[in-house]
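> I have a structure here, written as structure tokens, and I will follow up with some questions on it.
Just so you know, all these numbers are worked out from the coordinates, no wet-lab data involved. Computed from a predicted structure; not experimentally measured. All Cβ positions, glycine included, derive from the backbone under ideal geometry; neighbour counts span all protein chains shown.
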Amino acid sequence: MIDKRSTRVLTKLHCKETFLNPSYYIAIVVSSLLGYLPIRAFLQSIGPQGFSPADSPLFANITGALERLFSPVMVQKLFAEGPFLFALFWALTPMLLYVLISSIITFQQHKDQGVIELIRFGPSNSRSYILSLFLKDLIAIYIYSIYVTLFFLAVSRFNNLLLGPAFIQALFAFLLATLVLCAYAKLSMVATDSSIGSIFLFLAILAVFLAVQLGTYSIILEQIRTIASLLSLVIQWISPFYYMTIIQTGFELASWLHIVGGILCFVVLTGIVGFISLWLETRKERRL
Amino acid sequence: MIKTVGLSKKFGTQQAVDNLSLNIDPGEIYGFLGPNGAGKTTTIRMLLGLTNPDSGEIFIDGKPVNPGDSSYRALIGVVPEKHPTGMWKWMTATEYLQLFSDLLAVPDSHSRIAATLERLDLGEHRNKPIHQFSRGMMQKLSFARALIHDPQILLLDEPISGLDPFGIRQIRDLILEQHALGKTLFVSSHLLSEIEKFCTRIGIIYQGKLITEDATDKIIDSIIPSKIYRIEMDDIPEDLIKKLVQLPFIHEAKIENSSLLVSVDKAEDHRKDLSNFLYGCGVSSLIMQEQTKTLEEAFLSITTLQKLAKNEVRND
């Protein structure tokens, strides 16, 4: 059973703990600067004669590598509205990792120190504690997403660049994927008894999903695409990246069925992974 | 107020708690004693629902405790043995108590927090970050947290361990104050000399089993059946011990630290008989004092007897 009051109180506590921690702001600055790099490279590619990727070695390298790995069509799609779509993933991914990994470390530290037990005297339970960490992660990432959007909006205004609907659509899909990724981070957190173990497990889950998803687009080797496609038949159902593509397809085709279906899949997958995490924790708690 | 029936818990092959039945009435201060690893903390964890028993039942305030149900914990205030010190370093004492007040939905929490901190002499430290608190201050803050929702039951795990004499006295006064308010206190401790000062009843647990349970003085009487007199004298004749043990009311006589220790029947006062006998032997006692028997002695006797019994069974 989840106690709503405890969850609310603990979410508030975790948020306070996060927002009082200078490392959150350092992560914001580092992530947004990382996001700004491709924008800056793109801006350097614009000369008096118009857009010329060769003018910026960094931009040329990024697009070149992506074209070799995937396809020129995909790269064209990615940069169709300028650099912001690519910059968005560049800016959100490190922050997402920071928030989720720091939550894993906090959980294990609190567990080792007896804080969770103290909260259970509260009276609360570790289910409420895990759910509150999940909510805190979402709040921390969503606040950052607002900041990044405003930052990119300011950059686009100052440089007369387009921040079009593709950016908003990608942001929307990413924020939905965050739900599932947060749930997977919580699953990794309760599945192992050490910070290192949990972090490795979470990164491994993330790597598998990414490898399978990107592998299906790969043009380097036919075999890679074949294997990735085969694996994808099973893994795609539990991968947030698959549902991201469904939503993106929905936006491209203006298909509400895809969009609503994708949203529902995200919510259901989050629910399932979250439920497994809480069930696992309850089982561990009772076994003590 | 607290009742357990046939409570058992096994960790692997080790029987941590074995068929433990307790019945603690409202308003009691129940001392729960036992050597390290006897099963005290496991029992407390089971009472709090933090560890599931393998078998047996727990009743708190007359209601059975169901696994997974944590709502009854609102009736209980807990002072754990170890207090997490590295957590929430930024929190002040007030913020710390506010957190638990919010978790417990304490009405009028601000004034209650202020009053509780004042009561525990922490008023002037209310805005101090808790990581700056000493061990004693942290223990008092832990007490404040346990009392913040005015619980009917207080579970105290080693509440005075690691405190200075002043801190021990404060906590002891606090325990007696809560007792006077009609609260039920369950105190687990190994500081027996302190426990016997305030517990109305004690239970001794050894290897998961409740060995004995009674009022402190009754336990002492049942374990140590004789009175001991310490007699100080200038010179102890060599054959005095031999003569003394021939007297019908004397159980044992020995010399310890230049004093004569005489163990006698506790039913009657034998001081006069003893003085007359010593006078007859040509010695005059300088001081004769009845030695008070302590809970510690009773506890040691019980646990030693248990150890011996266990070894005898093994040898058989």
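> Counting other beta carbons within 10 Å of each residue's own, what order do A:Cys182, B:Cys281, A:Cys15 fall into, fewest first?
B:Cys281, A:Cys15, A:Cys182
> Around B:Glu158, under 10 Å between beta carbons, what's the net of Lys plus Arg minus Asp minus Glu among the other residues?
Summing Lys and Arg as +1 and Asp and Glu as -1 gives 0.
> Something else: Using Cβ counts within 10 Å as a stand-in for footprinting exposure, how do A:Ser31, B:Ser8, A:Ser128 rank, fewest first?
Fewest-to-most Cβ neighbours within 10 Å comes out as B:Ser8, A:Ser31, A:Ser128.
> Moving to a separate point now. Where does each of A:Val75, B:Val187, B:Val5 land when they are ranked from fewest to most other beta-carbon atoms within 10 angstrom?
B:Val5, A:Val75, B:Val187
> Hey, another quick one. Quick one: if you take sqrt(5λ) for each eigenvalue of the C-alpha gyration tensor of the protein assembly as shown, what semi-axes come out, biggest first, whole angstrom?
71, 25, 21
> Tell me which residues come under 5 Å, amide H to amide H, from B:Ala38 once H is placed; ignore anything under 5 positions away on its chain.
For B:Ala38, whose amide H was placed from the backbone, there are no distant partners under 5 Å.
> Continuing with the same structure: For a bin width of 10 Å, list the pair-distance distribution of chain A built from all Cα-Cα distances, rounded to whole %.
6, 25, 32, 23, 10, 3, 0, 0
> What's log10 of I(q)/I(0) for chain B at q = 0.12 Å⁻¹, Debye sum over Cα points only, no solvent?
The Debye formula, applied to the Cα set alone, gives -0.89.
> Given the stretch B:166-250, what count of lysine pairs have C-alpha atoms under 30 Å apart, with each pair 8 or more places apart or on different chains?
11
> Another question, then. Nearest-5 percent of antiparallel DSSP beta bridges in the protein assembly as shown?
Among the beta bridges of the protein assembly as shown, antiparallel pairing accounts for roughly 70 percent.
> Then there is this: How much space per residue, in cubic angstrom, does the convex hull of the C-alpha atoms of the stretch B:178-246 take up?
Spread over its residues, the Cα hull of the stretch B:178-246 gives 172 Å³ apiece.
> Rounded to whole Å, give me the distance from the Cα center of the stretch A:157-217 to that of the stretch B:139-193.
49 Å
> What FRET efficiency comes out for B:Asn66 versus B:Gln291 if R0 is 56 angstrom and r is the Cβ-Cβ distance? Round to the nearest 0.05.
With R0 = 56 Å, the Cβ-Cβ based efficiency is 0.65.
> Among B:Thr200, B:Ala93, A:Gln223, which residue has its Cα positioned farthest towards the positive end of the charge dipole of the protein assembly as shown, with +1 placed on the Cβ of Lys and Arg, -1 on the Cβ of Asp and Glu, and the dipole taken about the Cα centre?
Value: A:Gln223.
> Amide H neighbours of B:Tyr206 under 5 Å, at least 5 residues apart or on other chains, H built in the peptide plane: list them.
B:Ile211
> Right, another one. How large is Rg over Rh for the stretch B:92-187, taking Rg from the Cα atoms and Rh as the Kirkwood inverse mean of 1/r across Cα pairs?
Rg divided by Rh gives 0.94.
> Pairs on different chains or at least eight residues apart, Cα atoms closer than 30 Å: how many lysine pairs in chain A fit?
Summing the qualifying lysine pairs gives 20.
> Let me ask something additional. Within 10 Å of each Cβ of A:111-121, how many other protein chain Cβ atoms are there on average?
Taking the mean over all residues of the peptide, I get 6.
> Next question. Mind checking B:98-104 for the average number of partner chain beta-carbons within 10 Å of each residue's beta-carbon?
Mean number of neighbouring Cβ atoms from other chains: 6.
> Kirkwood hydrodynamic radius, the stretch A:105-196, all distinct C-alpha pairs: what's the number in Å?
15.6 Å
> If you don't mind, there's one more thing I want to ask. From the phi of every residue in the stretch A:139-144, what ³J(HN,Hα) in whole Hz does the Karplus formula 6.51 cos²θ - 1.76 cosθ + 1.60 yield, where θ is phi - 60° and glycine or proline is x?
Along the stretch A:139-144, the couplings run 4, 4, 6, 5, 4, 5 Hz.
> Can you give me the P(r) profile for the stretch B:227-291? Cα pairs, bins 5 angstrom wide beginning at 0, each as a whole percent.
4, 19, 35, 30, 11, 1
> What is the Rg over Rh value, at two decimals, for the stretch A:195-243, using alpha-carbon atoms and the Kirkwood definition of Rh?
Result for the stretch A:195-243 is an Rg/Rh of 1.05.
> For the stretch A:55-209, state the semi-axes of the equivalent ellipsoid (square roots of 5 times the eigenvalues of the alpha-carbon gyration tensor), sorted largest first and rounded to whole angstrom.
After diagonalising the Cα gyration tensor, the semi-axes are 37, 18, 12 Å.
> OK, next. Quick one: Karplus J couplings for the stretch B:142-155, per residue in order, coefficients 6.51, -1.76, 1.60, θ = phi - 60°, nearest Hz, x for Gly and Pro?
Computed from phi, the couplings for the stretch B:142-155 are 5, 5, 4, 5, 5, 9, 4, 9, 6, x, 7, 10, 10, 9 Hz.
> Short version: ³J(HN,Hα) in whole Hz for each residue of the stretch A:192-202, in order, from phi by Karplus 6.51 cos²θ - 1.76 cosθ + 1.60 (θ = phi - 60°), x for Gly and Pro, what are they?
3J(HN,Hα) across the stretch A:192-202, in whole Hz: 10, 9, 9, 4, 4, x, 5, 5, 4, 4, 5.
> Continuing with the same structure: Over the Cα atoms of the stretch B:66-147, each weighted equally, I'd like the Debye log10 I(q)/I(0) at q = 0.15, 0.18, 0.23 Å⁻¹, rounded to two decimals.
-0.52, -0.74, -1.15
> Still on this model: Is the shape of the stretch A:118-272 rounded, prolate or oblate, going by the alpha carbon gyration tensor and its root eigenvalues a ≥ b ≥ c, with a/c under 1.5 for rounded and a/b larger than b/c for prolate?
Oblate is the answer for the stretch A:118-272, as a/c is 1.5 or above yet b/c matches or exceeds a/b.
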